[in-house]
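Every read-out reported here was derived from the displayed coordinates using simple, explicitly stated rules and does not represent laboratory data. Note that the structure is predicted; figures quoted are calculated from it, not measured. Cβ placement follows ideal geometry from the backbone for every residue including glycine, while neighbour counts extend to all protein chains displayed.
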Amino acid sequence: MKYKLETNDKQKFYMAFHGEDSYFALWDLDQDLRSKIKYGEQYTEEQKEAFQLVRDNLTDIMDGHGVDFEHVS
């Protein structure tokens with residue numbers, strides 16, 4: 001499939017060109033938090049709860065922008 005992007009707006013071009021990079025940066029953050037919650041024996045339960053709150057907030061923010069890890073992962 002081919003797509004053609006025509007714009008003179010550098011910011012729009014950057015966002016379109018680096019969208020995949022941004023998506024996978026968020027994916028890496030989500031997976032890092034998941035790993036700390038699930039396997040992070042060095043963390044207290046309070047820290048793990050904080051990691052979960054951040055992970056839930058990340059998911060809520062992404063949902064608000066119509067972004068879902070299920071579409072690509």
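Some points to look at:
- For PHE17, net neighbour charge (Lys/Arg +1, Asp/Glu -1) across residues whose Cβ lies under 15 Å away: -1
- Value of [θ]222 nm, deg cm²/dmol, for the chain, DSSP H segments ≥ 4, -39500 (n - 2.57) each, nearest 500: -24500 deg cm²/dmol
- Charge context of GLU49, other residues only, Cβ under 12 angstrom, K/R +1, D/E -1: 0
- For the chain, convex hull of alpha carbons as volume per residue, Å³: 108
- Check: the chain dipole with +1 on Lys, Arg Cβ and -1 on Asp, Glu Cβ, in debye: 360
- Straight-distance crosslink candidates among lysines, where the alpha carbon sits under 30 Å from LYS12 and sequence neighbours closer than 8 are dropped: LYS2, LYS4
- Computed over the chain, relative contact order equals 22 percent, with contacts defined as Cα pairs under 8 Å that lie 6+ residues apart.
- The trypsin sites (Lys or Arg not before Pro) of the range 1-66 that meet both conditions, a loop assignment by DSSP and at most 11 other Cβ atoms within 10 Å of the site Cβ, are LYS2, LYS4.
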